[in-house]
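The values are calculated or read from the model by the stated rules, or taken from the named source; none is laboratory data. As the structure is a computational prediction, the values presented were derived from the model and not from experiment. Positions of Cβ are backbone-derived with ideal geometry, glycine not excepted, and every protein chain shown enters the neighbour counts. Remember, those area values only see protein heavy atoms, side chains included, never the ligands or the DNA or RNA. Shrake-Rupley method; radii C 1.70, N 1.55, O 1.52, S 1.80 Å.
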Amino acid sequence: MNTLEEAKQAVIDDFSLYDEWLDKYEYLIELGKGLEPFDQADKTDDKLIKGCQSRLWLKCEKKDGRLYFTADSDAIITKGIISLLIGVYSGRTPEEIAGDDFSFIVTIGLKDNLSPTRANGLASMIETIKCFAQDER
Amino acid sequence: MEIKEIRNEFPQLSRTVYGKPLVYLDNAATALKPRSVMACYEHLAAEVSSNIHRSVHRVSNEATAEFENARKRVAEFLNAPSERNIVFTSGTTDSINLIASSYGQAFIGRGDEIVISEQEHHSDIVPWQMLAERTGAVIKVWKLEDDLRLGPSSLEKLLGPKTKIVCVSHASNVLGIVTPIKEICALCHRHNIPVCVDGAQGIVHCKVDVQDLDCDFYSFSGHKIYAATGTGVMYAKAKWLEQMPPYRGGGEMIADVTWERTTYADYPFKFEAGTPNITSVPTLVPAIEMLEQMRSLEESSAAVASYVLDALQSDKRITLYGDSSSEKLPIFSFAVKGAHQEDLALVLDKMGVALRSGEMCAAPLMHRLRVTGLLRASFAPYNTIEEARYFVECLGKAIEMLTI
Ligand SMILES: Cc1ncc(COP(=O)(O)O)c(C=O)c1O
């Protein structure tokens, strides 16, 4: 497995391939469509992330000292965004995740290009991932 | 004036987003501002900064004249019996809060009933709920018919001896269908019940004559009719303005103040405590002028509206809500099968198209329609047929991107 830094750099590189915001969104949409299936039975209120206009469920499991995330949403761009985060953070140790500053999200400029509700949603996603990591440490 | 000349008056129409021309289709949320409105604001801020109604100096007199002239102009615009029927507020929301508080205090008590239509914006629901909570009054919902219209006969069944007011919008900000206000007022008045009209959307597109409609209250926001933000109007019949107590206390709304007893100024001033929005209220004058000028674009507006209506109705992937063929404002709210409204809005944004997504401040209506939200394109007379075509083309592309 690549390192956390490598995974983040890969996302930054992917995003910088596209000059146009529309293309960056197309990329997010493709990521969203490719998100791994989520167990319908896991769509429970305790897994719902607050602050999103669209609904987003995020599940965290610990195996062999590492955290694995799965998620689903009724909006595809939300799925694309969470897929991006899952790609970077799933399979890492709680220490790695808790110690990270998540600044690559700022680097790719995504936050500035979301609607305020989506930006809130993104902040909640990050917060939830951090909380899982801190709880499991 | 030609549409091209009119468009030149709105600088924001020539801006770009993401390197693409902005196609602004969020006019029902707020309208763009013409140069005349900005010039008026700038003139007042630069040359006529002075408080009104109080000082004796020259600039203060000029500022007062500008402010009171706006009251006259608004009265004329609504065909109100007198400018004294016009109370300036900060917007529709503020106007309705004023009515709920003041009319409520004078006329609504425990067990009384407030009828509110199902299509209302939160700003015509929540102030009444707050009043009901304070007083023990009861809210009755006037449901939409199956075709999403408001039926007078359904209303009549709700009216009774305890009904103290009927609250309805001239047109919903979601459905855009024009409510038959005149008929509703006649019906309610036969039962001696006043009608409070939320005109936030209606005022933009309908010619409003409050005496002909015979409504008791009519509220609207300046920012939706091209005036500066933070301006609003509450029209009310004199009999109510006389009987309603003031809603906020402070300077300018009093006749005499002593520690023992304060007497209030006459209406409309008793409802305008404190320094009003003196730099912005006078922008209502050039704004109304622009609105009236744009009525000459009727033909082009009608062509745009019918093109959009057609395009949305003929697309099998789209469900349009409020697809009335008769009187409908150019407000189009719809859902797309298999695509979330916010995804669509985000993708369209990247193409330069600005529109609204979500509950649109009408959660009860969303529940009725059984949707979590909708996408809304709302047009102004300055929007061209080319913009409409671009929107439809982009919408098609966005749907494909999201669903295939
Ligand atoms: C029908 C309706 N009522 C009330 C409002 C509230 O207007 P404001 O926010 O300007 O007070 C709006 C604005 O969105 C509206 O469309």
Would you give the gap between the C-alpha center of segment B:261-277 and the C-alpha center of segment B:52-83, rounded to a whole Å?
15 Å
Restricting to DSSP H runs of at least four residues, report the calculated mean residue ellipticity at 222 nm for chain B, -39500 (n - 2.57) per run over all residues, nearest 500 deg cm²/dmol.
-12000 deg cm²/dmol
What do you get for the angle between helix B:181-190 and the principal long axis of chain B? Use alpha-carbon atoms, 0 to 90 degrees, nearest ten.
40 degrees
Nearest 20 debye, what's the magnitude of the dipole of chain B about its Cα centre given +1 on Lys and Arg Cβ and -1 on Asp and Glu Cβ?
600 debye
Restricting the calculation to Cα positions, tell me the Rg (one decimal) and the Dmax (whole number) of segment A:4-136 in Å.
14.0, 41
Starting from 0 in steps of 10 Å, tell me what percent of the Cα-Cα pairs of segment B:81-155 lands in each bin.
18, 41, 33, 9, 0
Report, to the nearest 10°, how far helix B:385-403 tilts away from the longest principal axis of the Cα atoms in chain B, using its own Cα long axis and a range of 0 to 90°.
70 degrees
Cβ-based charge dipole, the protein assembly as shown, positive-most Cα from B:Leu148, A:Ser83, B:Ser101
B:Ser101
Percent relative contact order of chain B, based on C-alpha pairs within less than 8 angstrom and at least six residues apart?
22 percent
The size of the Cβ-based charge dipole (Lys, Arg +1; Asp, Glu -1) of segment B:112-163 about the Cα centre, to the nearest 20 debye, is 200 debye
Give the value in nm², to one decimal: projected area of the alpha carbon convex hull of segment B:106-190, averaged over all directions.
5.5 nm²
Select from segment B:233-289 those chymotrypsin sites (Phe, Trp or Tyr not before Pro) which occupy a DSSP coil region and have at most 13 other Cβ atoms within 10 Å, ordered by residue number.
B:Trp259
Segment A:53-137: relative contact order as a whole-number percent, Cα under 8 Å and 6+ apart:
28 percent
For chain B, compute Rh as the Kirkwood radius over C-alpha pairs and then the Stokes-Einstein diffusion coefficient at 10 °C and 1.306 mPa s; write the answer in µm²/s, rounded to an integer.
71 µm²/s
Please identify, among B:His53, B:His223, B:His340, the residue showing maximal mean-square fluctuation in a Gaussian network model of chain B using a 10 angstrom Cα cutoff.
B:His53
Those lysines that a straight Cα-Cα span of less than 18 Å connects to A:Lys50, excepting residues fewer than 8 apart in one chain:
A:Lys59, A:Lys79, A:Lys111, A:Lys130
Mind jotting down the distance between the C-alpha centroids of segment B:346-363 and segment A:2-16, whole Å?
31 Å
How far apart, in nanometres, would the label points at B:Asp212 and A:Ser124 be if each is projected 7 angstrom from Cα along the Cα-to-Cβ direction?
4.8 nm
Surface accessible to a 1.4 Å probe, per residue, for the residues of segment A:58-137, Å²:
40 Å²
Taking +1 at the Cβ of each Lys and Arg and -1 at the Cβ of each Asp and Glu, which of B:Pro286, A:Leu122, B:Ile114 sits farthest along the dipole of the protein assembly as shown towards its positive end, judged by Cα position relative to the Cα centre?
B:Ile114
Euclidean distance of C-alpha centroids, segment B:175-225 and segment B:113-153, integer Å
15 Å
Which of B:Val168, B:Val336, B:Val37 ends up with the largest GNM mean-square fluctuation for chain B, with Cα atoms connected below 10 Å?
B:Val336
Find the all-direction average of the projected area of the Cα convex hull for segment B:45-110, expressing the result in square nanometres with one decimal place.
6.3 nm²
Could you tell me which residue out of A:Leu22, A:Leu56, A:Val11 lies farthest along the dipole of segment A:4-136 toward its positive end? Charges go on the beta carbon: Lys and Arg +1, Asp and Glu -1, centred on the Cα centre.
A:Leu56
Take the eigenvalues of the Cα gyration tensor for segment B:322-404, scale each by 5, and report the square roots as semi-axes in whole Å, largest first.
20, 18, 11
In nm², the average projected area of the convex hull spanned by the Cα atoms of segment A:11-73 is 6.0 nm²
How much FRET efficiency would the formula 1/(1 + (r/R0)^6) give for B:Glu5 and A:Arg137, where r is the Cβ-Cβ distance and R0 is 60 Å, rounded to 0.05?
0.35
Computed about the Cα centre, the charge dipole of the protein assembly as shown from +1 Lys/Arg and -1 Asp/Glu charges at the Cβ has a magnitude in debye, to the nearest 20, of 1060 debye
If DNA, RNA and ligands are ignored and the probe is 1.4 Å, what is the ranking of B:Lys237, B:Lys4 by accessible area, most exposed first?
B:Lys4, B:Lys237
On the formula 1/(1 + (r/R0)^6), with r taken between the Cβ atoms of A:Asp23 and B:Gln129 and R0 of 35 Å, the FRET efficiency rounded to 0.05 is 0.15
Using alpha carbons only, how many degrees (0 to 90, rounded to 10) separate the axis of helix B:35-47 from the longest principal axis of chain B?
40 degrees
With N set to the number of residues, divide the alpha-carbon radius of gyration of the protein assembly as shown by 2.2 N^0.38 Å and report two decimals.
1.10
Test of the criteria: in segment B:334-404, which trypsin sites (Lys or Arg not before Pro) are in a DSSP loop and have at most 14 other Cβ atoms within 10 angstrom of their Cβ?
B:Lys337, B:Arg370
